[in-house]
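Peer 1: Could you have a look at this structure, given as structure tokens, before my questions?
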Amino acid sequence: MDMKIIKSEKRICSCCMEEHEVKTVLVMDQATFKNSTVDYEASYFFCELAEELYMDEQQMQDNDIRLKDTYRKKEGLLTSAQIGEIRAKYGISQSDLCLLLGWGGKTITRYESHQVQDKAHDTILKKINQDPEWFLSLLNGAKANLSAESRMFLVKK
Ligand SMILES: [Zn+2]
């Protein structure tokens, strides 16, 4: 098996329960996601005594994102990190971007982690990246919405 060692640390190994050098390694894994076979690099711990690969909760989470990001690249979708970069470029928070686009409040947060965006949403995010003027017009539109809501709130009071 092809293993890329990225870290080695002497500690209690939760595979064999002995203290020894536990290596953190990257290996190619294969998974099926949305009917697509995805080969991706997954992170594991390696126990040399038992010759076994295992992972902890954090790696399980990370590997799921690695799988989804590889799938996104394969399908020509933005990766979770790229969505974060677009947002950073405009200095807008996850929830404010959702507000601008009329999406559910946690949509961008989910897209920047485990949830793979659909094609339509992906196209909109790419358009924001390439078209600052369009983004600005959305921003103006949202400002109008906000003040309208505030006005309604005042009338109710
Ligand atoms: Zn071990």
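The values are calculated or read from the model by the stated rules, or taken from the named source; none is laboratory data. For clarity, every value in this text was computed on a predicted model and none was experimentally measured. Every residue, glycine among them, receives a Cβ derived from its backbone with ideal geometry; neighbour counts consider all protein chains shown.
Peer 1: Give me the pairs, please: first residue somewhere in the stretch 7-34 and in a loop (DSSP other than H, G, I, E, B), second residue anywhere and aliphatic (A, V, I, L, M), beta-carbon distance under 6 Å, and either six or more positions apart or on two chains.
Peer 2: Cys13/Val22; Cys15/Ala50; Cys16/Leu49; Cys16/Ala50
Peer 1: Select, from Thr32, Thr24, Thr37, the only residue that is within 15 Å of the ligand (Cβ to nearest atom) and polar (S, T, N, Q). Even if it seems obvious, please write down each step before you answer.
Peer 2: Working: Thr32 fails: within 15 Å of the ligand (Cβ to nearest atom); Thr37 fails: within 15 Å of the ligand (Cβ to nearest atom).
Unique residue meeting the criteria: Thr24.
Peer 1: Kindly provide the set of residues from the stretch 95-115 that are under 14 Å from Thr79 (Cβ atoms) and of a type in the set (S, T, N, Q), ordered by number.
Peer 2: Across the stretch 95-115, the qualifying residues are Ser113, Gln115.
Peer 1: Among the residues in the stretch 82-101, are any part of a loop (DSSP other than H, G, I, E, B), small (Gly, Ala, Ser) and not assigned by TED's automatic domain parsing to the domain that holds Thr37?
Peer 2: yes
Peer 1: Right, something else. Only one of (1) under 30 Å from Glu133 (Cα atoms); (2) free of Cβ contacts under 8 Å to residues at least 40 places away in the same chain; (3) not assigned by TED's automatic domain parsing to the domain that holds Leu138 fails for Arg72. Which number is that?
Peer 2: (2)
Peer 1: Pick from the stretch 1-14 the residues that are farther than 19 Å from Thr70 by Cα and touching a Leu at 6+ places or on another chain (Cβ under 9 Å): which of them is nearest to the ligand (Cβ to nearest atom)?
Peer 2: Cys13
Peer 1: Okay, moving on. Look through Met60, Met17 and report the one residue that is surrounded by fewer than 18 Cβ atoms within 10 Å (Cβ to Cβ), within 13 Å of the ligand (Cβ to nearest atom) and at pLDDT 95 or above.
Peer 2: On the way: Met60 fails: within 13 Å of the ligand (Cβ to nearest atom).
Result: Met17 is the single residue among Met60, Met17 that is surrounded by fewer than 18 Cβ atoms within 10 Å (Cβ to Cβ), within 13 Å of the ligand (Cβ to nearest atom) and at pLDDT 95 or above.
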